[in-house]
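The values are calculated or read from the model by the stated rules, or taken from the named source; none is laboratory data. All of these numbers come straight from a predicted model, not from anything done at the bench. All Cβ positions, even for glycine, are placed from backbone atoms using ideal geometry, and neighbour counts span all protein chains on display. Note: accessible area is taken over every heavy atom of the protein model, side chains too, but ligands, DNA and RNA are not part of it. Shrake-Rupley method; radii C 1.70, N 1.55, O 1.52, S 1.80 Å.
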Amino acid sequence: MRDWIIRLTAIDDDAASALRVPEHFDTLVDERVPATALLRAVTVLADCGAGFHDPDRGLPIEVDEHGRTSSTPDVSTRPHLEQFGSITVWLNRTGPPWPLDHLILERFARSLQSVEQPRERHPVVAAIRTVCDADASPAHRSAALATLGLTGPIVIAATLPRDSRRTPIGMTADGARVHLLSSRPTLAGVPTDAAAGYTITDGLLVCTRWQRAVSALKIAVDPATGGPAHVCHDDLGAVADLIDNIDATTASRSADVQVLESLRLQRQWVTGLLDSILSHSSVREAARRQNLHHSTLQQRLDWLQSRLGYTVLSPTGHARASTTLLLWRISRAAQNRTTPAVDPLPERRPPRGG
């Protein structure tokens, strides 16, 4: 099409301009740009402000001729307004319409439909999407927070899609269900036997923080059972950087992780014991957490270390065991997305020392 536009420009510049409109939008659709980028393209082509309202995306959005987001518009008052299916689009042009205005709006609406992903139509989901949208204006996000009835600190929770029937309403993003909840009580409505990652933040910062909850979900595993757990991203520190840069496939290929999982299948207490030992300063404290006599825990630790091939509480051993347990949690959490959360492992009472 670009060659035809170049040739046609020499003959009929108006016709060439008409061809540039669909070419412009087709390029943006091919690049899968967000709706706000399409809207700003309209302002460039039409040389005026523009807006749209798509019920699936939530609140109406409008920008001025410079592409700056304005406050929530009153759609009914817009002068050059057109409807294409469920999507309403308009230009904020003073004076009569320009020759290409209808074509621009039509291609804009079609492009919105092309880049749209399947979305839930529930108004709560639409409001959550708006709050999580970094391209939405603060006014739009504040209005969406008001729709949700949320004020003050907000809990952003991420859960598995398979648990959607027993968790609060949420939007689907990055393979997880994202929920916005009141901070008191934390994770209200999320069952303890449902895996969840969460973080707590101010309402207008949700758009830059919701991915943190999804990151925490990647290790939402209870080391004691291999089943689901609730993990707070705010407690992870630099561990979160590792989670974001190591996928489950890479984690599961680690030789140390494979050894640990093999031992866990022999003794289901292995990962829980390792977590307790690494989390406490002494064997006695770890034993209290495990509800074991300290001598029993020491026997189990000796058995585990003999099979791991290193001393867990030595400086290098502590770092190695901590990294192995983290990688195991990443791998196990991925398995729990598609398999039963808790393995039907029989409780074995090992002989002394095992």
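Couple of notes before you dig in:
- The set of residues from region 159-173 being touching a Pro at 6+ places or on another chain (Cβ under 9 Å) and open to solvent by 60 Å² or more (accessible area, probe 1.4 Å) comprises Arg166, Thr172.
- Residue check for Gly85: closer than 30 Å to Ser164 by Cβ, free of Cβ contacts under 8 Å to residues at least 60 places away in the same chain and exposed (fewer than 13 other Cβ atoms within 10 Å of the Cβ): yes
- The residue of region 2-30 that is surrounded by the fewest Cβ atoms within 10 Å (Cβ to Cβ), among those that are acidic (Asp, Glu) and modelled with pLDDT of 50 or more, is Asp30.
- Of all residue pairs spaced 6 or more apart or on separate chains, none has beta-carbon atoms under 8 Å together with a first member in region 126-151 that is without any contact (Cβ under 8 Å) to a residue 40 or more places away in the chain and a second member that is in a loop (DSSP other than H, G, I, E, B) and open to solvent by less than 40 Å² (accessible area, probe 1.4 Å).
- Residue check for Val33: at pLDDT below 80, under 30 Å from His122 (Cα atoms) and not basic (Lys, Arg): yes
- Selection of region 42-55 for residues being within 21 Å of Gly85 (Cα to Cα) and open to solvent by less than 10 Å² (accessible area, probe 1.4 Å) yields Val42, Ala50, Gly51, Phe52, Asp54.
- Residues in region 200-242 that are touching a residue at least 40 places away in the same chain (Cβ under 8 Å), buried (at least 22 other Cβ atoms within 10 Å of the Cβ) and in a strand (DSSP E or B): Val221, Pro228.
- Contacts under 6 angstrom Cβ, first residue in region 274-300 being among the basic types (Lys, Arg), partner open to solvent by less than 50 Å² (accessible area, probe 1.4 Å), 6 or more apart: Arg289/Ser276; Arg300/Leu273
- Residues that are touching a strand residue (DSSP E or B) at 6+ places or on another chain (Cβ under 8 Å) and within 22 Å of Ala46 (Cα to Cα) number at least 3 in the following strands (runs of 3 or more DSSP E) confined to region 63-168: 80-84, 87-92.
- The set of residues in region 172-196 being within 22 Å of Leu326 (Cα to Cα) and out of contact with any Lys or Arg (no Cβ under 7 Å at 6 or more places or on another chain) consists of Asp174, Gly175, Ala176, Thr192, Asp193, Ala195, Ala196.
- Positions within region 140-158 being open to solvent by 50 Å² or more (accessible area, probe 1.4 Å) and more than 27 Å from Lys218 (Cβ to Cβ), in sequence order: Ser142, Ala146, Thr147, Gly149, Thr151
- Filter result for Arg78 (touching a His at 6+ places or on another chain (Cβ under 7 Å) and among the charged types (D, E, K, R)): no
- Residue in region 174-192 that is part of a strand (DSSP E or B), basic (Lys, Arg), buried (at least 16 other Cβ atoms within 10 Å of the Cβ) and in contact with a strand residue (DSSP E or B) (Cβ under 8 Å, 6 or more places away or on another chain) present: yes
- Criterion applied to Ser252, Ser262 was being under 28 Å from the mean Cα position of the chain (by Cα), of a type in the set (Gly, Ala, Ser) and closer than 19 Å to Asn336 by Cβ, and the one residue passing it is Ser252.
- Those residues of region 146-176 which are among the charged types (D, E, K, R) and more than 15 Å from Thr199 (Cβ to Cβ), in sequence order: Arg162, Asp163, Arg165, Arg166
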